[in-house]
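I have placed the structure first, in the form of structure tokens, so that the comments after it can refer back to it.
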Amino acid sequence: MLKAFQQWRRRRIIKRSTITSEQWSQAFAALPLLTGLTDKDKQRLQELAILFMHYKSFEPAQGLVLNQAMIMHIALQACLPILHLGLQAYDGWVSIIIYPQGFLPQHSYMDEAGVMHEEQDHLAGEAWLRGPVILGWEDARQAGELDGHNLVVHEFAHKLDMQNGVANGYPPLHTEMDRETWVAAFSQAFAHFSERCQSPSQTIDDLDCYAATSPAEFFAVFSEVFFERPALLKQYYPDVYLQLSLYYRQDPLSRLNRV
Ligand SMILES: [Zn+2]
């Protein structure tokens, strides 16, 4: 009953959307990341994005002026990873805060001696457990160009990872997936990749060695590569590619190969 009501409510939100088909065409055309989607998947993504824009709050910071096209650009990229997971994968939080460029977060924490420490770092984005996603518009705008780097996919992959607690590179797997196979694929790839990042001549193409900083960053960075440069990921880490395709229920390589 509740589910039927939710379905009805969602259909109504989608039906009432005032975004024109021309606006959608432009938004899709601006994102090579979405190349090769079937008409059915395009429709599904568009509807997910409408619901996402309805339920989430887009909050500009530092004088940034947000328009509809910018919001759609972010929403489409954020919804691609959940295309076959559903919007509930992003339950439990609401805000997406967008800065004009990278921002200067100030983290403070208290150590055992009771001393407060301030950490400052120039970041492009952040995802907080049960809190907001923070993005720099400059990086979000340039994401989706199939160069292997995608700030939006990165931060939202952290959100998926946080569905079962702190980000640790282990999101809740589907029942048909095997935990041990996932852990083996990711830990072997993480060890191998981290070792190659030790020496500049050994790094793989321009895969971001930031992935080697923790299993959580490995999952987020390799999710970017999965969607943006699937052929490279499959070539070097086929087991990780397979696990990610089971998790996201997508096969970006055959999708991009279709065109
Ligand atoms: Zn990260």
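Filtering segment 166-206 to residues that are in contact with a Leu (Cβ under 8 Å, 6 or more places away or on another chain) and among the small types (Gly, Ala, Ser) leaves Ala167, Ala185.
Determine if segment 173-192 includes at least one residue that is of a type in the set (Val, Ile, Thr), within 15 Å of the ligand (Cβ to nearest atom) and closer than 21 Å to Tyr247 by Cβ.
Checking segment 173-192: not a single residue is of a type in the set (Val, Ile, Thr), within 15 Å of the ligand (Cβ to nearest atom) and closer than 21 Å to Tyr247 by Cβ.
Applying the criterion of being acidic (Asp, Glu) and crowded, with 19+ Cβ neighbours inside 10 Å to the residues of segment 144-165, the residue that is farthest from the chain's Cα centre (by Cα) is Asp161. Taken over segment 205-233, the criterion of being away from the ligand (no atom under 16 Å from the Cβ) and crowded, with 18+ Cβ neighbours inside 10 Å is satisfied by Arg229, Pro230, Leu232, Leu233. Selection over segment 206-241 of residues that are within 21 Å of Val166 (Cβ to Cβ) and within 11 Å of the chain's Cα centre (by Cα) gives a count of 6. Residues of segment 66-85 include none that is over 23 Å from Pro32 (Cα atoms), in contact (Cβ under 8 Å) with a residue 12 or more places away in the chain and among the β-branched types (Val, Ile, Thr). Screening Gln163 against (1) touching a Gly at 6+ places or on another chain (Cβ under 9 Å); (2) of a type in the set (S, T, N, Q); (3) within 15 Å of the ligand (Cβ to nearest atom) leaves a single unmet condition, (3). All conditions in (1) touching a Phe, Trp or Tyr at 6+ places or on another chain (Cβ under 9 Å); (2) small (Gly, Ala, Ser); (3) not in a loop (DSSP other than H, G, I, E, B) hold for Ser187, with the sole exception of (1).
If you go through segment 120-159 and keep only what is in contact with a Phe, Trp or Tyr (Cβ under 8 Å, 6 or more places away or on another chain), away from the ligand (no atom under 14 Å from the Cβ) and not in a loop (DSSP other than H, G, I, E, B), you end up with just Trp137. Considering segment 1-94, the qualifying helices (runs of 4 or more DSSP H), each wholly inside and each with 2 or more residues that are crowded, with 16+ Cβ neighbours inside 10 Å and touching a Gly at 6+ places or on another chain (Cβ under 8 Å), run over 68-79.
Each reported figure results from applying straightforward, stated rules to the coordinates on display, with no laboratory input. As the structure is a prediction and not an experimental result, all values here were calculated from the model. A quick note on method: Cβ atoms are made from the backbone with ideal geometry, for glycine too, and the neighbour counts reach across all protein chains shown.
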